[in-house]
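Asker: One structure, pasted below without further comment.
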């Protein structure tokens with residue numbers, strides 16, 4: 001299995017007060033700019049529940065278009081923080097503020113960050129490394145475990161430097177990454193035992209897996225070992241009614257979930 005995971009206590013971007021946001025759809029409140037724009041620019045960010053912030057983030061991503069550069073929910077302040085690339089269309093930023101988001105101007109667009117991540121994948125796929133976009137810093141956070149030394153570290157560092165200043169940061173972890181959950185593997189929660197269907201990437205870009213809805217409503221947090229620590233939390237579950245399916249997001253946003261299903265004697 002090629003899957004690697006940063007231990008939660010070592011993952012800098014898994015801070016408890018910050019969660020990368022999911023995707024759903026709601027209608028924005030009326031958010032037309034005033035004639036002088038003054039009152040809209042000064043609009044204070046709203047206090048939101050995480051689910052409401054997720055819905056709003058999805059809608060604002062469509063509103064801002066290419067100016068949208070990611071978002072996250074600050075659990076401490078209970079505010080949605082939206083990153084934007086400065087441009088000529090100030091009106092959409094005014095609307096985002098009026099809708100209740102805290103707007104930050106940043107340098108790196110989502111397409112630039114995605115291109116940087118692709119470069120890392122093609123030139124520095126080294127065992128013991130992981131990377132993910134950190135919306136708090138608007139950079140790619142690259143982490144290497146204790147096995148990445150010598151030429152492997154030099155290759156990783158050179159690749160990160162090639163992305164340019166302000167695009168990525170690199171750090172060492174004292175621990176080592178371990179392999180774990182593939183599609184078809186057992187998952188556990190209390191006395192319940194289910195199985196992961198297969199790994200997916202959620203609408204907000206975070207790693208997740210699909211499983212049965214009757215599992216998703218049976219428990220909120222799931223482990224990859226009986227009696228083990230939780231590694232993933234239910235994001236959405238449908239059962240009974242319109243179906244039997246659930247989306248479960250990995251607690252560590254740096255998880256690199258493998259695109260494979262464990263069949264027992266093969267994958």
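The values are calculated or read from the model by the stated rules, or taken from the named source; none is laboratory data. This structure is a prediction, so every number in the text was calculated from the model and none was measured. Here the Cβ is made from the backbone with ideal geometry for all residues, glycine too, and neighbour counts use every protein chain on show.
Asker: Just to be sure I understand, how many residues within the stretch 190-200 are part of a strand (DSSP E or B) and without any contact (Cβ under 8 Å) to a residue 40 or more places away in the chain?
Answerer: Initially, the stretch 190-200 is screened for residues part of a strand (DSSP E or B), giving 192-195, 198-200.
Now drop any that are not without any contact (Cβ under 8 Å) to a residue 40 or more places away in the chain, which leaves 192-195.
Of the residues in that region, 4 qualify.
Results for (1) closer than 16 Å to residue 142 by Cα; (2) modelled with pLDDT under 90, shown as yes or no for each residue.
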{"position": "160", "(1), (2)": "yes, no"}
{"position": "173", "(1), (2)": "yes, yes"}
{"position": "177", "(1), (2)": "yes, yes"}
{"position": "180", "(1), (2)": "no, yes"}
{"position": "200", "(1), (2)": "no, yes"}
{"position": "204", "(1), (2)": "no, yes"}
{"position": "208", "(1), (2)": "no, no"}
{"position": "211", "(1), (2)": "no, no"}
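Asker: A follow-up question, please. Could you grab me the full set of residues in the stretch 101-115 that are touching a strand residue (DSSP E or B) at 6+ places or on another chain (Cβ under 7 Å) and not in a helix (DSSP H, G or I)? Give the derivation first.
Answerer: So in the stretch 101-115, the residues touching a strand residue (DSSP E or B) at 6+ places or on another chain (Cβ under 7 Å) come out as 101-106, 108-110, 113.
Scanning the stretch 101-115 gives 101, 102, 103, 104, 105, 106, 108, 109.
Asker: Among the residues of the stretch 222-234, which ones are in a strand (DSSP E or B) and surrounded by fewer than 18 Cβ atoms within 10 Å (Cβ to Cβ)?
Answerer: Applying the first criterion (in a strand (DSSP E or B)) to the stretch 222-234 yields 222-223, 232-234.
Of everything in the stretch 222-234, just one residue is in a strand (DSSP E or B) and surrounded by fewer than 18 Cβ atoms within 10 Å (Cβ to Cβ), namely 233.
Asker: How many residues are part of a loop (DSSP other than H, G, I, E, B) and out of contact with any helix residue (DSSP H, G or I) (no Cβ under 8 Å at 6 or more places or on another chain) when one looks only at the stretch 241-252?
Answerer: Restricting attention to the stretch 241-252, the residues satisfying the condition of being part of a loop (DSSP other than H, G, I, E, B) are 241-244, 251-252.
Now drop any that are not out of contact with any helix residue (DSSP H, G or I) (no Cβ under 8 Å at 6 or more places or on another chain), which leaves 241-242.
Total satisfying the criteria: 2.
Asker: Still on this structure, please answer the following. Out of the residues in the stretch 236-255 that are within 20 Å of residue 184 (Cβ to Cβ) and buried (at least 19 other Cβ atoms within 10 Å of the Cβ), state the one that is modelled with the lowest pLDDT.
Answerer: Looking at residues that are within 20 Å of residue 184 (Cβ to Cβ) and buried (at least 19 other Cβ atoms within 10 Å of the Cβ), I get 255.
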